[in-house]
Amino acid sequence: MSIDIISTGRYASDHILNNDMLSKMVDTNSQWIVERTGILERRISEDKTTEEMAQMACERAVKKVAELNGIDVSDMMSKIELIVFATVSGDTKTPASSFRLSEKLGIRECTCLDVNAACSGFLYAMTVAKSMMKELNKKYALVVGAERLSKYVDWDDRGTCILFGDGAGAVLLENTRDMSGNVECSCENRLEICDIYLGGRVDDKGLLTLHSKNHVDEENNRFIGMNGRQVYKFATEIGPKVIEKLFDKTGLTKDDIKFVVPHQANVRIIKTMAQKSGIELDKWYTNIEKYGNTSAASVPMALDEALEKWSDVLKASSRKTGENVEKTGQYDEGSDRAKYILSIAFGGGLSYAGILFKIK
């Protein structure tokens, strides 16, 4: 028995806020932003809420599997028994965003819950979903990360407004346990959730915060607050340690990794984690230049895009050779033993997480 990702989906608004546009709003310029973050532009959702963006990502993930298996999308959607929604920017305090998402997707009977672990939220949500699917014998589940951070950004603060964007990413999970009446779905990419490492460290200095509306000092604390230097120090210290812990647990090495999908916070953080972990930089997938930091949406959006591009490479290789080819990573062909995808995240709390996926 295993819990597998059988499909992915993402959504981002067509409305782009690039660095040149930002330079007209605050004292900054594109070169300054790119050198410090790697970000060229970010997406701002003007017409869709957090839940509506999540809906789009989920529908795209479900549609892929439905079409591949010749199933009506609504029939595939009706098989989903669990939704775990990672967000810090839900549209309501209660009911939970996951319940409201379930309604939007037309799923009338479903176990739903939200997870708030900031930028680590999606990997935490994956862990929760895996445990619940095993314990409650659920066959299909949706795990989604979605954020509309633009409504919490202080557009007069160049230290934070350059960083964040809006978006959503989702995965469809399948429990491969033999269940009467439920046949496993065919899928383009199947990733087994193998090993997980989660942790946290008390943030007693307020390095990364977003206060609720009833905070005692609402006027001065209604926006995202961040100490960039300290967050950088934390991330570059803890990221390689999480990778080491996962390798120690599994006996794997960097040579077993096909590619890495990190939280897209800052390209300098990613480069430093690559250097410290010993995993070649060209194995680290990045799309921060297009989307900025989308918090809980970051990892699933990047995973969907990475798998999409990977599949395109495979199809092109197949057409070129006229033969079936072994699945290979987007950037690095790697050795025959490279059968794993690694994902790493860190965020407010301070939280951190890592998951290994086996390519099946």
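Ser180 satisfies every condition listed in (1) among the polar types (S, T, N, Q); (2) buried (at least 20 other Cβ atoms within 10 Å of the Cβ); (3) at pLDDT below 95 except (2). Filtered by the rule that a residue be farther than 25 Å from Gly199 by Cβ and hydroxyl-bearing (Ser, Thr, Tyr), segment 98-130 gives Ser102, Thr111.
Can we say Lys358 is surrounded by fewer than 21 Cβ atoms within 10 Å (Cβ to Cβ) and at pLDDT 90 or above? It is true that Lys358 is surrounded by fewer than 21 Cβ atoms within 10 Å (Cβ to Cβ) and at pLDDT 90 or above. Over 30 Å from Ala235 (Cβ atoms) and either touching a Leu at 6+ places or on another chain (Cβ under 9 Å) or acidic (Asp, Glu) (or both), is that true of Cys58? No. Taking Thr37 as the residue in question, decide whether it is crowded, with 19+ Cβ neighbours inside 10 Å and of a type in the set (Val, Ile, Thr). Considered against the rule, which asks whether it is crowded, with 19+ Cβ neighbours inside 10 Å and of a type in the set (Val, Ile, Thr), Thr37 comes out as yes. Listed conditions (1) in contact (Cβ under 8 Å) with a residue 40 or more places away in the chain; (2) among the hydroxyl-bearing types (Ser, Thr, Tyr); (3) over 23 Å from Glu188 (Cβ atoms) are all met by Ser277, apart from (1). Reported count of residues in segment 69-98, each being closer than 29 Å to His263 by Cα and surrounded by fewer than 18 Cβ atoms within 10 Å (Cβ to Cβ), is 5. Contact annotation: residue pairs with Cβ atoms under 7 Å, 6 or more positions apart or on different chains, pairing a residue in segment 67-80 that is in contact (Cβ under 8 Å) with a residue 24 or more places away in the chain with a partner that is in a loop (DSSP other than H, G, I, E, B) and of a type outside the set (A, V, I, L, M, F, W, C), are Leu68/Ser186; Leu68/Glu188; Asn69/Ser186; Ser74/Gly106; Met77/Gly106; Lys79/Lys139.
Tell me, which residue of segment 287-314 that is among the polar types (S, T, N, Q) and within 12 Å of the chain's Cα centre (by Cα) is surrounded by the fewest Cβ atoms within 10 Å (Cβ to Cβ)? Full working, then the answer.
First, the residues of segment 287-314 that are among the polar types (S, T, N, Q): 287, 293-295, 298, 311.
In the following step, the residues that additionally are within 12 Å of the chain's Cα centre (by Cα) were identified as 287, 293-295, 298.
Numbers: Asn287: 19, Asn293: 25, Thr294: 33, Ser295: 34, Ser298: 30.
So the residue we want is Asn287.
The values are calculated or read from the model by the stated rules, or taken from the named source; none is laboratory data. The structure displayed is predicted, hence computed values, not measured ones. Neighbour counts are summed over all protein chains in view; Cβ atoms, including those assigned to glycine, are modelled from backbone coordinates with ideal geometry.
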